[in-house]
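Here's the structure, in structure tokens; my notes come after.
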Amino acid sequence: MPIKMSPSVRKVVRGASRPSFEYTHDYIKSYSKEELIKKYNEYGTKPKLKQKIKNELVRRGGVIFTNEPKSTEET
């Protein structure tokens with residue numbers, strides 16, 4: 001099953017003879033690499049979503065993540 005970026009959205013189809021719905025799914029694979037990097041670096045992105053984005057970027061290749069210690073000194 002593909003990984004989702006956000007929950008699916010259900011829309012009501014107007015003009016149908018009986019009530020019917022159309023679902024739109026927001027899969028992470030449909031985003032470009034630049035959009036994923038922007039979303040990853042955005043303030044407020046939850047850790048669970050960051051991990052999903054990180055896994056997708058590693059799967060595609062070309063993006064390397066390193067663990068750099070954060071500096072507490074201000075220069």
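Only the coordinates and a few stated rules stand behind these numbers; no lab work does. Fair warning: this is a prediction, and the values are worked out from it, not measured in the lab. Cβ atoms come from the backbone with ideal geometry, glycine included; neighbour counts cover every protein chain shown.
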Practice prompt. Could you tell me which numbered condition ARG18 fails, if it satisfies all but one of (1) surrounded by fewer than 10 Cβ atoms within 10 Å (Cβ to Cβ); (2) assigned to a helix (DSSP H, G or I)?
Written response: (2)
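If a residue has to be acidic (Asp, Glu) and exposed (fewer than 10 other Cβ atoms within 10 Å of the Cβ) to count, how many in the range 28-75 make the cut?
Kept after step one, since they are acidic (Asp, Glu), are these residues of the range 28-75: 34-35, 42, 56, 68, 73-74.
Among the residues that remain, those that are also exposed (fewer than 10 other Cβ atoms within 10 Å of the Cβ) are: 34, 68, 73-74.
Total satisfying the criteria: 4.
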Worksheet item: Which condition number does ILE53 fail, the rest of (1) within 24 Å of ILE64 (Cβ to Cβ); (2) free of Cβ contacts under 8 Å to residues at least 12 places away in the same chain; (3) in contact with a Phe, Trp or Tyr (Cβ under 8 Å, 6 or more places away or on another chain); (4) not acidic (Asp, Glu) being met?
Response: (2)
